[in-house]
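This report concerns only the one structure given below.
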Amino acid sequence: MRFKSLLLSSLLLLGVACQTVAPTPILIGRLTNTNNELAQHYTDCSEGANYVPTKEDCDPELLSTQVDELMALSLDFIKADIKQPHGYDVYLATTMLYFRMGERSLNEYTRAEQLARQFFEVLKAHAGRSIDDARFYLAHFTAARASKQYFEDPLSLTEERKAELLFALEEGTPILNKLEGLRRVRLSVALEQLQFVIDSIQ
């Protein structure tokens with residue numbers, strides 16, 4: 001019941017109705033094009049997993065603008081059809097870049113975790129083929145928010161929150177060996193963070 005209520009609250013957060021309208025070809029095209037452009041510009045501003053805005057070909061302002069635009073577009077895509085994984089995947093992947101580019105608020109981490117949990121619950125309910133992607137994002141963003149809470153709002157780490165962290169840990173652990181490269185590294189770090197915060201809750 002707890003996870004159903006979280007799903008409902010995130011749907012209300014997005015202003016999404018139960019009935020959806022399929023994304024238009026124009027929205028799909030804009031989402032795809034902006035995603036491709038962002039991928040190229042982020043390459044110009046990164047070294048491996050690290051954001052390096054001082055690189056010669058990097059334009060941090062342009063990158064920031066594109067990140068904001070893509071996050072907004074992908075939210076529109078989710079609102080248009082909450083059952084399709086593409087909007088969630090683009091939004092959450094872009095949010096990972098957004099968090100690497102600067103210091104963000106706890107509220108922003110909370111919103112990202114809510115969308116990651118919504119992605120997981122939607123795919124779980126519909127036997128979606130991208131369920132392992134959803135598990136990755138669930139573990140990653142739950143860990144990111146939990147780490148933020150640990151340093152900024154430790155009193156929010158209640159037994160109820162501990163149950164949410166355990167759930168994310170249990171869902172993320174089985175897919176670790178299925179992943180490769182940076183995604184595997186990021187999930188491994190997220191699982192370690194989850195375990196650390198769980199162990200800290202008395």
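Quick grid of which residues meet (1) open to solvent by 50 Å² or more (accessible area, probe 1.4 Å); (2) at pLDDT below 90:
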position: Glu37; (1), (2): yes, no
position: Thr43; (1), (2): yes, no
position: Asn50; (1), (2): yes, yes
position: Glu56; (1), (2): yes, no
position: Asp59; (1), (2): yes, no
position: Leu63; (1), (2): no, no
position: Glu69; (1), (2): yes, no
position: Lys83; (1), (2): yes, yes
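Selection of the range 42-93 for residues being touching a residue at least 12 places away in the same chain (Cβ under 8 Å) and basic (Lys, Arg) yields Lys79, Lys83. Only one entry in Leu106, Leu115, Leu97, Leu92 is surrounded by fewer than 16 Cβ atoms within 10 Å (Cβ to Cβ), aliphatic (A, V, I, L, M) and within 14 Å of Ala144 (Cβ to Cβ), namely Leu106. Restricting attention to the range 65-83, the residues being among the charged types (D, E, K, R) and over 18 Å from Glu37 (Cβ atoms) number 3. Suppose the filter is assigned to a helix (DSSP H, G or I) and modelled with pLDDT under 85; does Ser10 pass it? Yes; evaluated as a whole, the condition is true for this residue. Taking the criterion of being at pLDDT 95 or above and either touching a Ser or Thr at 6+ places or on another chain (Cβ under 7 Å) or not in a helix (DSSP H, G or I) (or both), the residues of the range 119-149 that qualify are Arg145, Gln149.
The values are calculated or read from the model by the stated rules, or taken from the named source; none is laboratory data. All values reported here derive from a predicted model rather than from experimental measurement. No Cβ is skipped: glycine too gets one built from the backbone with ideal geometry, and neighbour counts run over all protein chains shown. Surface areas here come from the heavy atoms of the whole protein model, side chains and all, with no ligands, DNA or RNA. Shrake-Rupley method; radii C 1.70, N 1.55, O 1.52, S 1.80 Å.
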